[in-house]
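The values are calculated or read from the model by the stated rules, or taken from the named source; none is laboratory data. Because the structure is a prediction, the values reported are computed rather than measured. Methodologically, a virtual Cβ is constructed for each residue, glycine included, from the backbone with ideal geometry; neighbour enumeration extends over all protein chains shown.
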Amino acid sequence: MNLNRTGRVGALCWLAAAPIFLVASLITGLRWREPAYSWATHNISDLGNAHCGIWDTTRPRYVCSPWHPLMNTATLATAVLLAAGLLLTWRILGHGPVVRTAQTLLLLATGGYALVALHPADIDENLHVLGAVLIMGMGNIGLLLAGFAPRGTTLGRWRRLTLTAGLIALAGTTLFAAQQGLAIGVGGMERVAVLPFPLWACALGVLLAEAPPLRDLALPAST
C-alpha cells in the first residue's frame, strides 16, 4: 500500500488527535483545586464545565474546572482532526457497504466531539448528551463495524486492532451507561468508552504514515 499526499495529511491528522485530547485532559485536570480532579469519580465532561458547583443528580459531585476553555478548545480540535483524517483517507481505507457505513458512523462521532466542546454540560445539557451519544453510541458501533471490513481493503489489514478497539469501546459504553465502574470507577469507565476511537485513529495514522508515498515508488527501467 502507498499513500498520496492527501492520504498522508489525513494520517497525520489522525496521529495528532489523541495526544491533543489526552494532554489537554491531563493539564486541565491538574488545575483543579479543592477538590482535586478524580479520574475515577469525575467525568471527562466535568473538565469542560464552565461554572463551579454541585453537578449531576445521578452522581452528585463538586465540579470546578478553571481551565475549561483549554479542554473545550482541545476537544473541538480533536473533532476537526478526526473528521479531517476520515475524509482525507476516505477512499484509501476501502470500499463497499461495511467500510462506508463504518466511516459514516465514525464521522457522526466526530460531530459528537464538536457538540460536547461547543455545548458544555452545564450550559446546554441536551446538546451535550446528544454529542456523547454520537461518540459512545454511533462512533463505537462504527468502530466495531470497521473491524469487519473485507480483508482485501486497507482497513481490513488491521482487523484485529480494530475489532479489539471496538469491543473494548462497546463494553465500556455498556458499563458506563449502567453506572458500573468496577475497579476503575465510573469516570474511569467513561474513558474506556471514549478513548478507543481516538487511540485507534492515532495507531492507524502511524501505520498509514509509514507507507511509502507514491513519488518514492521506483519506475521500471526502460530497455
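Summary table
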read-out	value
Residue match in segment 60-67 (condition: surrounded by fewer than 23 Cβ atoms within 10 Å (Cβ to Cβ) and small (Gly, Ala, Ser))	no
Any chance Thr89 is touching a residue at least 60 places away in the same chain (Cβ under 8 Å), polar (S, T, N, Q) and farther than 30 Å from Gly185 by Cα	yes
Qualifying residues in segment 86-98 (those that are closer than 16 Å to Thr162 by Cα and modelled with pLDDT of 95 or more) - the one surrounded by the fewest Cβ atoms within 10 Å (Cβ to Cβ)	Val98
Residues of segment 152-169 satisfying the condition of being at pLDDT 95 or above and either closer than 18 Å to Gly131 by Cβ or buried (at least 19 other Cβ atoms within 10 Å of the Cβ) (or both)	Thr162, Ala165, Gly166, Ile168, Ala169
Among (1) β-branched (Val, Ile, Thr); (2) surrounded by 19 or more Cβ atoms within 10 Å (Cβ to Cβ); (3) at pLDDT below 95; (4) within 20 Å of Leu127 (Cβ to Cβ), the one test that Ile44 misses	(3)
Filtered residues of segment 174-202 (kept if modelled with pLDDT of 95 or more and on the phi > 0 side of the Ramachandran plot)	Gly185
Yes/no for Gly137 being surrounded by fewer than 22 Cβ atoms within 10 Å (Cβ to Cβ), closer than 19 Å to Arg191 by Cβ and either out of contact with any strand residue (DSSP E or B) (no Cβ under 7 Å at 6 or more places or on another chain) or among the polar types (S, T, N, Q) (or both)	yes
Selection within segment 99-109 - surrounded by fewer than 17 Cβ atoms within 10 Å (Cβ to Cβ) and more than 15 Å from Phe197 (Cβ to Cβ)	Arg100, Thr101
